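Colleague: Let me give you the structure first, and then I'll get to my questions.
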Amino acid sequence: EMTTQNAIDIADVSLAYGQVPVLEHIRLQIAAGEFFGLIGPNGAGKTSLLRLILGLGRPDSGSITVLGEDPIKARSRIGYVPQHPTFRRDFPITVTEVIRLGQLGSHWSAPVLADKLLAVMAALELETLANRQIWTLSGGQLQRVLIARALACEPELLILDEPTANIDLRVEQNIFSLLRQYNERMTIIVVSHDVGFISGFVHRAGCLNRILVCHRTEDISGKTIEQ
């Protein structure tokens, strides 16, 4: 059933904060199973668009459908990796406990969830950190924990906001190779400003700066990116 519908359908969406237009007439369809890159300069509206997809706000006009339903209803089927962790780093919680939070409200049975937890920790090379307090982690380690948390419930849609901003290149390559494998089971949207890097992984890139223009990655050239 899922293959016939789009994972995301954004129809003529506009959003302003006061008098400042943030998004203008956004039209975007992301197919189920797509690996989609969203790129654009800071302040271009990327995070605002994500918030609408997550049901954390409503557009001023237009409509958004996520996984065939209202974004708020779809939220339990979405994994989300925020750009800046909003929790206190000194909160006393271990790596395993953080990742397990991603399974709250899941429909899977406990044994299945336990298997998924181990699988995602292995995939992101976190087993040796399992009992570490999160305040002891480096930025790159914490980023991997947050990605694991989002994947721990096997979401149908995974959204990552600048997932590799504070990570070295080798780890970044590993994470994107891993995401490509997960893409066989879920739709993925990754927000980035590093178009050169992500164009090797995504099927299509949407360039957002208040308005949205989509390109298939094989059509992206240096000139396109500058524009």
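Colleague: For the range 177-199, give me each residue that is at pLDDT below 90 and either of a type in the set (D, E, K, R) or closer than 22 Å to ALA32 by Cβ (or both).
Modeller: Matches in the range 177-199: SER177, LEU178, SER192, ASP194, ILE198, SER199.
Colleague: Now for a separate question. Look at ASP90 and say whether it is at pLDDT 95 or above, over 18 Å from ASN209 (Cβ atoms) and surrounded by fewer than 18 Cβ atoms within 10 Å (Cβ to Cβ).
Modeller: no
Colleague: Do you know which of the residues in the range 93-113 that are open to solvent by less than 30 Å² (accessible area, probe 1.4 Å) and in contact with a Lys or Arg (Cβ under 7 Å, 6 or more places away or on another chain) is modelled with the lowest pLDDT?
Modeller: First, pick out the residues of the range 93-113 that are open to solvent by less than 30 Å² (accessible area, probe 1.4 Å): 93-96, 98-99, 102-103, 113.
In the following step, the residues that additionally are in contact with a Lys or Arg (Cβ under 7 Å, 6 or more places away or on another chain) were identified as 94-95, 98-99, 102.
Working: THR94: 94, VAL95: 95, VAL98: 93, ILE99: 93, GLY102: 88.
Here the residue is GLY102.
Colleague: I need a count of the residues in the range 117-135 that are in a helix (DSSP H, G or I) and open to solvent by less than 80 Å² (accessible area, probe 1.4 Å).
Modeller: So the answer is 8.
Colleague: How many of the residues in the range 41-70 are crowded, with 17+ Cβ neighbours inside 10 Å, of a type outside the set (Val, Ile, Thr), under 20 Å from SER192 (Cβ atoms) and out of contact with any Gly (no Cβ under 8 Å at 6 or more places or on another chain)?
Modeller: The qualifying residues number 6.
Colleague: Out of everything in the range 1-33 that is in a loop (DSSP other than H, G, I, E, B) and surrounded by fewer than 18 Cβ atoms within 10 Å (Cβ to Cβ), what residue ends up being modelled with the lowest pLDDT?
Modeller: Looking at residues that are in a loop (DSSP other than H, G, I, E, B) and surrounded by fewer than 18 Cβ atoms within 10 Å (Cβ to Cβ), I get GLU1.
Colleague: Tell me, which residue of the range 73-87 that is touching a strand residue (DSSP E or B) at 6+ places or on another chain (Cβ under 9 Å) and over 13 Å from GLU156 (Cβ atoms) is modelled with the lowest pLDDT?
Modeller: Ranking the candidates gives HIS84 first.
Colleague: Tally time: how many residues in the range 186-211 are in a strand (DSSP E or B) and open to solvent by 40 Å² or more (accessible area, probe 1.4 Å)? If you could, list the steps in order and put the result at the bottom.
Modeller: The first filter runs over the range 186-211 and keeps only residues in a strand (DSSP E or B), leaving 187-192, 204-209, 211.
Okay, now just the ones that are also open to solvent by 40 Å² or more (accessible area, probe 1.4 Å), so 204, 209, 211.
Number of matching residues: 3.
Conditions (1) modelled with pLDDT of 90 or more; (2) in contact with a His (Cβ under 6 Å, 6 or more places away or on another chain); (3) part of a strand (DSSP E or B), marked per residue:
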position	(1), (2), (3)
ASP115	yes, no, no
ALA148	yes, no, no
ARG170	no, no, no
VAL213	no, no, yes
ILE225	no, no, no
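Colleague: With the condition kept exactly as written, say whether any residue in the range 151-164 is in contact with a Phe, Trp or Tyr (Cβ under 8 Å, 6 or more places away or on another chain), charged (D, E, K, R), open to solvent by 10 Å² or more (accessible area, probe 1.4 Å) and in a loop (DSSP other than H, G, I, E, B).
Modeller: Checking the range 151-164: at least one residue is in contact with a Phe, Trp or Tyr (Cβ under 8 Å, 6 or more places away or on another chain), charged (D, E, K, R), open to solvent by 10 Å² or more (accessible area, probe 1.4 Å) and in a loop (DSSP other than H, G, I, E, B).
Colleague: Moving on to the next point. Can you confirm whether PHE91 is of a type in the set (Phe, Trp, Tyr), closer than 25 Å to ALA152 by Cβ and not in a loop (DSSP other than H, G, I, E, B)?
Modeller: no
The values are calculated or read from the model by the stated rules, or taken from the named source; none is laboratory data. Since we're looking at a predicted model, the values are computed, not measured. Note: ideal-geometry Cβ built from the backbone for every residue, glycine included; neighbour counts use all protein chains shown. We work out accessible area using only protein heavy atoms, side chains counted, and drop any ligands, DNA or RNA first. Shrake-Rupley method; radii C 1.70, N 1.55, O 1.52, S 1.80 Å.
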